[in-house]
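Novice: Pasting in a structure now, in structure tokens, and then I'll have a few things to ask.
The values are calculated or read from the model by the stated rules, or taken from the named source; none is laboratory data. Only a predicted model underlies this, so the values are computations on that prediction, with no experimental measurement involved. Note that we place each Cβ from the backbone using ideal geometry, even for glycine, and neighbour counts take in every protein chain shown.
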Amino acid sequence: MHTLISILRYVLAAMVVLLLGSFVGWYFYVRSQENPLVPEKAEMVGTADGFQGNRGLPENVSAGEAQGASPAEQIPGRGDERLWRVDQGPVAGFSFVNAGSSVSSSSPPTILFAERANGYIFSADMQLQAVTRITNTLMPKTYEAHFATSGGYVLLRSLDESGNITTYAGTFLTDDATTTPQSLSGVYLPTNIRKIFLDNSGRRIFMVSNDPTSGGSVGMSQLFDGTSSKKVFSSFIRSWRPLFAQGQLIILTDPMDDLSGYAYKIGDSGRLVPLIGPVPGLTIMPHSSEAAFLYSGSANGQIALFLQVGKAAAVLLPLQTIADKCVWASGKPLIAYCAVPSAPSSSIFMQEWYQGVLHTADVWWRIDAASGETELLYTPSASLDVHDPKIDASGKYVAFTNGSDQSLWVLRIVQ
């Protein structure tokens, strides 16, 4: 019995020694192996810490060409590029800034724009084709941005957690600002303003909101600081689009294919003075200072663009586009530029285009309002769906967003 116990002890000790030896061997084996999930060191050399996008690059410059630049630096483009992609987007809104403002003290013109993701405001220099961030106040999910052409004033629009529309009236680059980026300061306006815009000076705001008493809408006007608020008009219709042109307020019913639309001037005591209509699917683009209009209609699957100057009868133009894709140069002669879809194919173009279901590939045309003549101006190499075109005071640049991705582009009109 004693002999059997001794044998069992030897066997158990041998098993423990073998087990420990196996663990030690496995440990040294693992230490000698490279982790296959870790990239090779050579592959990691030169990897950027952050994503470098295409902000401030001409159309034919790829992101890879700018990988060495810091995102905080200005990224110059190539001055001879006629079509410049200012920001890869999405942007919430933009505006040219008049020369002599706090942002642009001399020509060439400057563009202010805000990014949707963070609400940061940037300036873009047309001559250098360079972009600089000028605010550092985070405003997440900014869906709309409205700038005054005088610079320094902005309306940023978003949604709160309850789905209410919020509007922040902010100022930036004040007289005592010496460096950028600067903080954005301001106040929130009442919630659920349906439509809003700034006049050219940036000191007066016009807004359209629902009227709880009538079930319609009410138009209000106030100074940027919230003072001097007054009622401008009221209507049983809710869906109005406000504009400011020719020194007066103009409102337009929301356009829809085959549905008659109307445009009115807002007269004394809120009186609505008929301007254009009824036109199915009406959109208008008034000249900023002269008695001239481009307006379009959409009916029976067809789009038509008209020109009206003064009291003369409207003229049908040979361009199948909508007025929302057009812009007037300031002053005289009366010249307009329109982005024309290569093939507008939908029978409900307005509805699908506004919803973002349909995107177009546009080419640019020039319209001489005095003669009614049209000529091809520029055909982009990229497929661009022109939204919200704006022109600078000199008439040399047209800026717009691409509807498919909300990127910001600038076309130099003069070659």
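Novice: Residue under question is D211, and the condition is that it be surrounded by fewer than 13 Cβ atoms within 10 Å (Cβ to Cβ) and either closer than 30 Å to S330 by Cβ or touching a strand residue (DSSP E or B) at 6+ places or on another chain (Cβ under 6 Å) (or both); does it hold?
Specialist: On the way: surrounded by fewer than 13 Cβ atoms within 10 Å (Cβ to Cβ): no; either closer than 30 Å to S330 by Cβ or touching a strand residue (DSSP E or B) at 6+ places or on another chain (Cβ under 6 Å) (or both): yes.
Against the criterion (surrounded by fewer than 13 Cβ atoms within 10 Å (Cβ to Cβ) and either closer than 30 Å to S330 by Cβ or touching a strand residue (DSSP E or B) at 6+ places or on another chain (Cβ under 6 Å) (or both)), D211 does not qualify.
Novice: Filter region 187-204 down to residues that are surrounded by 15 or more Cβ atoms within 10 Å (Cβ to Cβ) and modelled with pLDDT of 90 or more and give me whichever is nearest to Q248 (Cα to Cα).
Specialist: If we take residues in region 187-204 being surrounded by 15 or more Cβ atoms within 10 Å (Cβ to Cβ) and modelled with pLDDT of 90 or more, then I196 is nearest to Q248 (Cα to Cα).
Novice: Tell me whether region 267-275 contains one or more residues that are within 28 Å of the chain's Cα centre (by Cα) and in a strand (DSSP E or B). Please lay out each step first, then the result.
Specialist: Quick first cut of region 267-275, residues within 28 Å of the chain's Cα centre (by Cα) only: none.
No.
Novice: OK, next. Please give the number of the condition A314 fails out of (1) of a type in the set (A, V, I, L, M); (2) surrounded by 18 or more Cβ atoms within 10 Å (Cβ to Cβ); (3) at pLDDT 90 or above.
Specialist: Failing condition for A314: (2).
Novice: What's the total number of residues in region 193-219 that are part of a strand (DSSP E or B) and over 25 Å from Y354 (Cβ atoms)?
Specialist: Looking only at region 193-219, we keep the residues that are part of a strand (DSSP E or B), and these are 193-198, 204-210, 217-219.
Now narrow it down to the ones that are over 25 Å from Y354 (Cβ atoms): 204.
Number of matching residues: 1.
Novice: Filter region 108-135 down to residues that are of a type in the set (S, T, N, Q) and under 14 Å from the mean Cα position of the chain (by Cα) and give me whichever is farthest from R412 (Cα to Cα). Walk me through how you get there before you give the answer.
Specialist: Quick first cut of region 108-135, residues of a type in the set (S, T, N, Q) only: 110, 118, 123, 127, 129, 132, 135.
Now narrow it down to the ones that are under 14 Å from the mean Cα position of the chain (by Cα): 118, 123.
Details: N118: 28, S123: 17 Å.
It comes out as N118.
Novice: Within region 147-157, can you find the residues that are at pLDDT 95 or above and surrounded by fewer than 24 Cβ atoms within 10 Å (Cβ to Cβ)?
Specialist: R157
Novice: Further question on the same structure: Based on this model, can you work out whether K230 counts as within 21 Å of P90 (Cα to Cα), of a type in the set (K, R) and free of Cβ contacts under 8 Å to residues at least 60 places away in the same chain? Give the steps one after another, and end with the answer.
Specialist: Working: within 21 Å of P90 (Cα to Cα): no; of a type in the set (K, R): yes; free of Cβ contacts under 8 Å to residues at least 60 places away in the same chain: yes.
Judged against the criteria, K230 is not a match.
Novice: Among the residues of region 220-243, write down those that are of a type in the set (G, A, S) and either more than 23 Å from D199 (Cβ to Cβ) or in a strand (DSSP E or B) (or both).
Specialist: Initial filter on region 220-243 (of a type in the set (G, A, S)): 221, 226, 228-229, 234-235, 239.
Across region 220-243, the qualifying residues are S221, S234, S235.
Conditions (1) more than 28 Å from Q88 (Cβ to Cβ); (2) of a type in the set (D, E), marked per residue:
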| position | (1), (2) |
| --- | --- |
| G297 | yes, no |
| G310 | yes, no |
| I322 | no, no |
| K325 | no, no |
| S345 | no, no |
| D368 | yes, yes |
| S371 | yes, no |
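Novice: Do any residues in region 233-259 that are in contact (Cβ under 8 Å) with a residue 60 or more places away in the chain have Cβ atoms under 9 Å from those of residues that are among the basic types (K, R), where the two are at least six apart or on different chains, and which pairs are they?
Specialist: Listed by first residue and then by second, the contacts come to P255/R241.
Novice: Using the structure shown, decide if L249 is part of a strand (DSSP E or B), surrounded by fewer than 19 Cβ atoms within 10 Å (Cβ to Cβ) and modelled with pLDDT under 90. Talk me through it step by step, then tell me what you get.
Specialist: On the way: part of a strand (DSSP E or B): yes; surrounded by fewer than 19 Cβ atoms within 10 Å (Cβ to Cβ): no; modelled with pLDDT under 90: yes.
So L249 fails the test.
Novice: Go through the residues of region 268-281 one by one and say whether even a single one is within 25 Å of Y337 (Cα to Cα), surrounded by 14 or more Cβ atoms within 10 Å (Cβ to Cβ) and in contact with a helix residue (DSSP H, G or I) (Cβ under 9 Å, 6 or more places away or on another chain).
Specialist: Residues of region 268-281 that are within 25 Å of Y337 (Cα to Cα), as a first pass: 275-281.
In the following step, the residues that additionally are surrounded by 14 or more Cβ atoms within 10 Å (Cβ to Cβ) were identified as 275-277, 279-281.
Imposing the further condition that a residue be in contact with a helix residue (DSSP H, G or I) (Cβ under 9 Å, 6 or more places away or on another chain) reduces the set to 281.
Yes, there is a match, as at least one residue in region 268-281 is within 25 Å of Y337 (Cα to Cα), surrounded by 14 or more Cβ atoms within 10 Å (Cβ to Cβ) and in contact with a helix residue (DSSP H, G or I) (Cβ under 9 Å, 6 or more places away or on another chain).
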